[in-house]
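Novice: If you scroll down you'll find the structure; I have some questions about it.
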Amino acid sequence: MYNQTLLMMPGPVPMAESVRGAMLNQAINHRSKQLGDCYSDIVRILQPVFGTKNEILVLSGSGTAGQEAAIGSFAKGKKVASLVNGKFGERLGLISQIYGETTMIESEWGHALNLEALAESLENGAEVVTLVHNETSAAILNPAEEVGKLCKKHDALFILDGITSIGGDVVKADEWGVDVAIVGSQKCLAAPAGLAAVSVSEKAWERLSENRPFYLDLKKAKKSADASPKETPTTPAVPLFMAMREACRLIEEEGIENRIARHRKLSAAVREAGKVWGLAPVPQVDALHAASNTVTGFFYPEGIEDSQIRGFCKKMGIEFAGGQDRFKGKIFRVGNMGIIDTPEILATVATIQLAFKKAGFKLGGDGLEAAAEILSA
């Protein structure tokens with residue numbers, strides 16, 4: 001009998017049957033109206049999800065491809081300030097170092113961003129700012145709106161990695177002054193991995209870098225997308241486009257406000273379970289920074305090994321994430337992105353609770369009951 005693993009990770013995530021089925025059709029001409037209509041549908045549905053009226057370009061490549069396309073197209077040869085309080089902010093900074101003169105504004109992972117240092121960097125001539133909105137490595141939601149205000153004050157371009165927030169939390173790209181926003185298909189959108197979508201403001205187009213990447217050149221992507229029907233400059237991953245359209249259709253059917261509310265409720269249930277268990281949360285929140293609404297992280301208590309918890313849960317058919325880099329072996333992270341709902345959260349919380357019991361660790365209380373109370377409200 002086939003025993004399918006339940007992915008409770010910060011991506012990739014489970015996909016609806018209709019999304020999986022959308023990839024099973026025969027190959028089509030990637031220069032056809034059929035593909036152009038698919039592309040147009042994706043853009044139409046994603047614009048309110050991004051909170052933008054700007055153009056959205058769909059690229060064949062992961063979220064990292066979207067990051068490099070944004071930085072390579074708009075930050076080449078410029079002064080860049082990269083905000084870092086986790087692994088993916090660090091990655092944005094490392095990409096920026098390849099293309100521009102980059103200052104890494106670093107904070108402890110999971111702790112508040114140093115906005116004072118950002119303001120100083122902007123006063124000293126930074127032209128581009130990069131930020132990861134939802135830093136999944138540390139389960140923290142960063143204050144994109146506040147960063148946008150600083151960028152606007154100093155007339156800098158604002159590049160926002162919304163890879164794990166767009167489609168699962170509030171993103172208001174236009175209102176926040178975001179010039180370039182990026183999402184990855186396999187996160188909150190619950191589509192297959194392998195596509196990135198990038199929104200671009202008029203201000204960004206006016207500041208397009210002269211020398212850009214070949215494959216990830218957003219000027220080329222725009223020229224092709226402006227055609228009728230819409231096209232891509234090189235051969236796209238056609239089956240992934242078809243699946244992405246279906247995933248977007250499901251978002252439209254649910255309603256983005258309802259989808260965000262569901263994500264918030266699910267993450268609140270996991271946080272409450274952890275609180276009752278007595279586990280220390282990973283992010284250090286304050287008036288500007290909040291716990292992520294798409295992934296929840298906890299530190300392991302002293303004496304507990306990662307393999308005792310995640311290893312046991314994986315044997316039971318539930319897989320969630322551990323820590324990366326400096327957090328490796330120190331934390332675990334439970335995702336609730338995409339189509340995840342109450343049954344999956346309850347199964348995961350129950351299995352984690354059993355794993356701690358099997359490891360001989362006495363938790364502070366019944367996290368399953370606490371989570372169920374939140375979810376049943």
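Novice: Tell me, which helices (runs of 4 or more DSSP H) wholly within segment 56-143 include 3 or more residues that are out of contact with any Phe, Trp or Tyr (no Cβ under 9 Å at 6 or more places or on another chain) and surrounded by fewer than 23 Cβ atoms within 10 Å (Cβ to Cβ)?
Specialist: Output list reads 87-99, 115-123.
Novice: Can you say whether residue 275 is in a loop (DSSP other than H, G, I, E, B) and touching a residue at least 60 places away in the same chain (Cβ under 8 Å), as far as the supplied structure shows?
Specialist: no
Novice: Any idea which of (1) without any contact (Cβ under 8 Å) to a residue 60 or more places away in the chain; (2) part of a loop (DSSP other than H, G, I, E, B); (3) aromatic (Phe, Trp, Tyr) is the one residue 361 doesn't satisfy?
Specialist: Just one mismatch for residue 361, condition (1).
Novice: Considering only residues that are over 23 Å from the mean Cα position of the chain (by Cα) and either surrounded by fewer than 15 Cβ atoms within 10 Å (Cβ to Cβ) or among the charged types (D, E, K, R) (or both), which ones fall in segment 281-339?
Specialist: Within segment 281-339, 302, 303, 305, 306, 307, 311, 314, 315, 317 meet the criteria.
Novice: Restricting attention to segment 209-256, which residues are farther than 12 Å from residue 38 by Cα and of a type in the set (Lys, Arg)?
Specialist: Matches in segment 209-256: 212, 219, 220, 222, 223.
Novice: For the subset of segment 172-185 comprising residues that are among the small types (Gly, Ala, Ser) and assigned to a loop (DSSP other than H, G, I, E, B), which member is surrounded by the fewest Cβ atoms within 10 Å (Cβ to Cβ)? Spell out the reasoning first.
Specialist: As a first pass, look at segment 172-185 and keep what is among the small types (Gly, Ala, Ser): 173, 177, 181, 184-185.
Among the residues that remain, those that are also assigned to a loop (DSSP other than H, G, I, E, B) are: 173, 177, 185.
Values: 173: 26, 177: 22, 185: 32.
Per the criteria, the residue is 177.
Novice: I'd like to check something: does segment 152-171 contain any residue that is under 20 Å from the mean Cα position of the chain (by Cα), surrounded by fewer than 24 Cβ atoms within 10 Å (Cβ to Cβ) and within 29 Å of residue 260 (Cα to Cα)?
Specialist: Looking for residues that are under 20 Å from the mean Cα position of the chain (by Cα), surrounded by fewer than 24 Cβ atoms within 10 Å (Cβ to Cβ) and within 29 Å of residue 260 (Cα to Cα), one finds at least one in segment 152-171, hence yes.
A short reminder: the numbers here are calculations on the coordinates, not readings from a lab. All values derive from a computational prediction rather than experimental measurement. No Cβ is skipped: glycine too gets one built from the backbone with ideal geometry, and neighbour counts run over all protein chains shown.
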